[in-house]
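In what follows, a structure is listed as structure tokens, so that the remarks can point back to it.
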Amino acid sequence: MVVRREGRARRERGERRAEAETFTARMKKRLHRARIVLRKSGVDYFRGDGSDWVALTGLLLTVPLITAATILNSVWCAPAALVLPIVAGGLLLRPASLLALYAASAVALIVESIQLGPYTDGPSRVTPGVVLVVAACGFFGLVIAQFRSRVGVPWRGGSTMLFDLRERIRVQSKLPKLPRGWHREMALRPAGGQSFSGDFVVAARTNGGRTLEVVLTDVSGKGMDAGSRALLLSGAFGGLLGSLPPHSFLPAANGYLLRQDWDEGFATSIHLVLDLETGDYELFSAGHPPGLQLSAGSGRWEEKTGHGPLLGVYDGAQFDPVKGMLRPGDVLMLFTDGLVETSERDIAEGIDRLTGEADRYVAGGFHGAAWHLIEAVAKDVNDDRALLLICREA
């Protein structure tokens with residue numbers, strides 16, 4: 001009985017082995033391996049650490065095709081059409097591979113000039129201007145390829161990375177939802193209409209959701225110059241916020257900034273700690289413009305500012321808060337200096353203009369007011385501008 005079972009098992013294994021060794025099975029295995037290799041090479045390339053042989057082969061094949069089309073009909077396919085694979089190569093290839101493409105393009109130009117004849121014999125010939133255009137495109141393509149090689153990301157990966165960084169800044173700048181009776185909104189306008197700003201906000205609800213902590217920071221510089229430092233600081237400040245007691249946040253942020261040892265290493269910051277049940281708050285400041293509170297009872301704006309130096313100037317700095325309370329109908333407004341200070345007006349004049357524009361929203365409420373206030377007060381200012389509104393509804 002045992003011998004029969006062993007014999008049957010051997011026959012079944014032999015049949016399975018025979019099925020696996022059929023032509024169809026072998027082809028399926030080879031296709032599966034080729035698909036895996038192609039997918040892996042594609043992923044590695046767009047990560048910046050793979051081979052570019054596929055793109056190089058495709059572009060090299062287009063060069064003789066364009067050359068043949070030019071020789072057959074130089075009116076519809078001009079000799080300058082060779083700039084197309086050269087431009088594509090500047091975006092896709094590494095510098096060494098790009099030189100091989102340039103060599104093929106140079107040979108193609110020589111062949112075209114021989115077949116079409118001297119440029120003095122008629123139009124649609126290889127003229128000195130065509131050579132200069134192709135050479136100029138090749139030069140700029142090589143510069144772009146060397147830059148990509150130094151950065152270490154391909155062209156698509158670089159664009160995706162910048163888009164991802166911009167979206168991360170936006171996500172980190174979102175304010176958490178507040179309970180009924182409270183309204184918050186934030187508006188941010190980078191300098192020159194760029195996507196990156198030196199102003200950023202980090203916020204969190206702590207103490208079991210009872211407390212709202214908001215930090216508005218203005219990094220030295222503006223636009224793209226300050227955007228990279230703002231991204232680094234926003235991540236660090238977001239990690240510190242809520243992990244430390246409120247009075248320890250700015251000293252820790254100051255120490256972190258000092259450790260970076262940047263040439264332009266300073267920043268201003270204002271830290272709001274608001275009790276959402278009572279309306280009591282503390283406002284810590286590190287060289288930042290004052291906050292403005294609108295009292296619903298008097299209808300007047302009052303400056304609220306703590307005392308403390310710029311972040312990243314010296315170690316051991318002390319930051320003393322100012323305390324206040326938001327009653328029903330009150331509004332607290334925090335902003336960066338780009339909104340109220342320019343080379344043509346001082347900060348006091350800018351604050352007067354801001355509060356004057358804000359008075360227009362007292363009767364109807366401040367919903368949607370942040371963006372319009374920036375438009376009205378500092379629309380054409382070449383500086384980063386940020387405005388934060390916290391309203392306790394009546």
- prompt: Do the conditions hold for ALA369, that is, is it at pLDDT 90 or above, small (Gly, Ala, Ser) and either more than 26 Å from the chain's Cα centre (by Cα) or surrounded by 14 or more Cβ atoms within 10 Å (Cβ to Cβ) (or both)?
  reply: yes
- request: Could you check, for region 339-351, whether at least one of its residues is of a type in the set (Ser, Thr, Tyr), touching an Asp or Glu at 6+ places or on another chain (Cβ under 7 Å) and closer than 22 Å to LEU310 by Cβ?
  value: no
- prompt: Can you find a residue in region 106-121 that is more than 43 Å from the chain's Cα centre (by Cα), open to solvent by less than 50 Å² (accessible area, probe 1.4 Å), without any contact (Cβ under 8 Å) to a residue 40 or more places away in the chain and closer than 13 Å to ALA78 by Cα?
  reply: yes
field: Search result, residues across region 319-352 that are free of Cβ contacts under 8 Å to residues at least 40 places away in the same chain and in a loop (DSSP other than H, G, I, E, B)
entry: SER343, GLU344, ARG345, ASP346
- prompt: Any idea which of GLY90, GLY42, GLY14, GLY48 is modelled with pLDDT of 75 or more, small (Gly, Ala, Ser) and open to solvent by less than 70 Å² (accessible area, probe 1.4 Å)?
  reply: GLY90
query: With respect to the numbered conditions (1) modelled with pLDDT under 75; (2) surrounded by fewer than 17 Cβ atoms within 10 Å (Cβ to Cβ); (3) in contact with a Pro (Cβ under 7 Å, 6 or more places away or on another chain), which one is the sole condition not fulfilled by MET224?
result: (3)
message: I'd like to verify a number: residues in region 353-385 that are small (Gly, Ala, Ser) and in a loop (DSSP other than H, G, I, E, B), how many?
response: 4
- prompt: How many residues are surrounded by 14 or more Cβ atoms within 10 Å (Cβ to Cβ) and either touching a helix residue (DSSP H, G or I) at 6+ places or on another chain (Cβ under 9 Å) or not charged (D, E, K, R) (or both) when one looks only at region 372-394?
  reply: 16
query: So SER298 fits all but one of (1) out of contact with any helix residue (DSSP H, G or I) (no Cβ under 8 Å at 6 or more places or on another chain); (2) buried (at least 20 other Cβ atoms within 10 Å of the Cβ); (3) over 23 Å from THR211 (Cα atoms); what number is the exception?
result: (2)
field: PRO245, sole failed condition from (1) within 23 Å of GLY209 (Cβ to Cβ); (2) in contact with a strand residue (DSSP E or B) (Cβ under 9 Å, 6 or more places away or on another chain)
entry: (2)
Any hit, region 294-302, residues being closer than 20 Å to PHE249 by Cα and outside any loop (DSSP other than H, G, I, E, B): no
message: One residue is enough: does region 272-285 have a residue meeting the conditions of a type in the set (S, T, N, Q), open to solvent by less than 20 Å² (accessible area, probe 1.4 Å), closer than 17 Å to PHE200 by Cα and modelled with pLDDT of 90 or more?
response: yes
- prompt: What is the residue count in region 316-333 for residues that are open to solvent by 50 Å² or more (accessible area, probe 1.4 Å) and either on the phi > 0 side of the Ramachandran plot or among the charged types (D, E, K, R) (or both)?
  reply: 4
- request: Could you figure out which of (1) of a type in the set (Gly, Ala, Ser); (2) in contact with a helix residue (DSSP H, G or I) (Cβ under 8 Å, 6 or more places away or on another chain); (3) at pLDDT 90 or above isn't true of ALA106?
  value: (2)
- prompt: Does ASP337 satisfy the criteria of being surrounded by 20 or more Cβ atoms within 10 Å (Cβ to Cβ), within 32 Å of the chain's Cα centre (by Cα) and among the acidic types (Asp, Glu)?
  reply: no
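Yes/no matrix, rows are residues, columns are (1) open to solvent by less than 30 Å² (accessible area, probe 1.4 Å); (2) in contact with a Cys (Cβ under 7 Å, 6 or more places away or on another chain); (3) part of a helix (DSSP H, G or I):
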residue: THR217; (1), (2), (3): yes, no, no
residue: LEU231; (1), (2), (3): no, no, yes
residue: SER234; (1), (2), (3): yes, no, yes
residue: PHE237; (1), (2), (3): yes, no, yes
residue: SER243; (1), (2), (3): no, no, no
residue: LEU250; (1), (2), (3): yes, no, yes
residue: ALA253; (1), (2), (3): yes, no, yes
residue: LEU257; (1), (2), (3): yes, no, yes
residue: THR268; (1), (2), (3): yes, no, no
field: Complete set of residues in region 122-146 that are of a type in the set (A, V, I, L, M, F, W, C) and loosely packed, with under 15 Cβ neighbours inside 10 Å
entry: LEU132, ALA136, PHE139, PHE140, VAL143
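The values are calculated or read from the model by the stated rules, or taken from the named source; none is laboratory data. None of the values given here were measured: they were computed from a predicted structure. Glycine gets a Cβ as well: all are built from the backbone with ideal geometry, and neighbour counts include every protein chain shown. Heads up: the accessible areas ignore ligands, DNA and RNA and are worked out on the full protein's heavy atoms, side chains in. Shrake-Rupley method; radii C 1.70, N 1.55, O 1.52, S 1.80 Å.
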